[in-house]
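Encoded as structure tokens, the structure appears first; notes follow it.
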Amino acid sequence: MQQQTPYLLIGGEVAVSKLCDRFYELMASVPQFAELRAMHPADLKHSRDKLFMFLSGWFGGPDLYVQKIGHPKLRQRHMPFAIGEAERDQWVACMVLAMEDIGVEPALREKLLASFFNTADFMRNKAV
């Protein structure tokens, strides 16, 4: 019997891809996320692809990020960026909207939100 991972519950590769697409669409278009958007390169494709590969494995699906890039080392990779509470909150809010927009079930969305918040909070490297 296959375990019901978040990857399977969210809808597999297609849904994770839609989530990443929507996340970066929102980041690029919603004024509330302007500071978050400014931390990214002009072309978001590479960032989007890395998020897709990471979330695939993080959700319990294929570990694409590790296969292509290596260990995520999330905190180390985010150290060049000044991440405080505002940036954390923008990232989490953007992800919440993306999950809502693609139709992630409320119970799963709440579970993922807790994990996303904890991970985003761990990325903070500046006061306030």
For this session: Determine if the stretch 78-93 includes at least one residue that is more than 13 Å from the chain's Cα centre (by Cα) and farther than 21 Å from Arg37 by Cα.
Result: no
For this session: Look through the stretch 82-116, keep the residues that are of a type in the set (A, V, I, L, M, F, W, C) and in contact with an Asp or Glu (Cβ under 9 Å, 6 or more places away or on another chain), and return whichever of them is modelled with the lowest pLDDT.
Result: Ala86
For this session: Select from the stretch 40-55 the residues that are more than 18 Å from Pro72 (Cβ to Cβ) and in contact (Cβ under 8 Å) with a residue 12 or more places away in the chain and list them in ascending order.
Result: Leu44
Seminar exercise, completed: Restricting the stretch 63-87 to residues that are in contact with a Phe, Trp or Tyr (Cβ under 8 Å, 6 or more places away or on another chain), surrounded by fewer than 19 Cβ atoms within 10 Å (Cβ to Cβ) and not hydrophobic (A, V, I, L, M, F, W, C), the one nearest to Ser17 (Cα to Cα) turns out to be Pro72
Exercise. Considering the stretch 2-55 alone, what residues qualify as being outside any helix (DSSP H, G or I) and either at positive phi or touching a strand residue (DSSP E or B) at 6+ places or on another chain (Cβ under 9 Å) (or both)?
Worked result: Gly11
For this session: Might you check whether a residue that is modelled with pLDDT of 95 or more, of a type in the set (Gly, Ala, Ser) and under 15 Å from the mean Cα position of the chain (by Cα) occurs anywhere in the stretch 29-46?
Result: no
Exercise. Which residues, taken from the stretch 59-94, are out of contact with any Ser or Thr (no Cβ under 8 Å at 6 or more places or on another chain) and among the aromatic types (Phe, Trp, Tyr)?
Worked result: Phe81, Trp91
Problem set entry | Hits in the stretch 22-39 (condition: in contact with a Lys or Arg (Cβ under 7 Å, 6 or more places away or on another chain) and free of Cβ contacts under 8 Å to residues at least 40 places away in the same chain) | Tyr24, Ala28
For this session: Looking only at the stretch 1-55, count how many residues are among the β-branched types (Val, Ile, Thr) and either touching a helix residue (DSSP H, G or I) at 6+ places or on another chain (Cβ under 9 Å) or surrounded by 15 or more Cβ atoms within 10 Å (Cβ to Cβ) (or both).
Result: 3
Seminar exercise, completed: Taking the stretch 104-128 and keeping only residues that are in a loop (DSSP other than H, G, I, E, B) and either among the hydrophobic types (A, V, I, L, M, F, W, C) or surrounded by 14 or more Cβ atoms within 10 Å (Cβ to Cβ) (or both), one is left with Val104, Met123, Arg124, Asn125, Ala127, Val128
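The values are calculated or read from the model by the stated rules, or taken from the named source; none is laboratory data. All of these numbers come straight from a predicted model, not from anything done at the bench. Note that each Cβ is placed from the backbone with ideal geometry, even for glycine, and that neighbours are counted across all protein chains shown.
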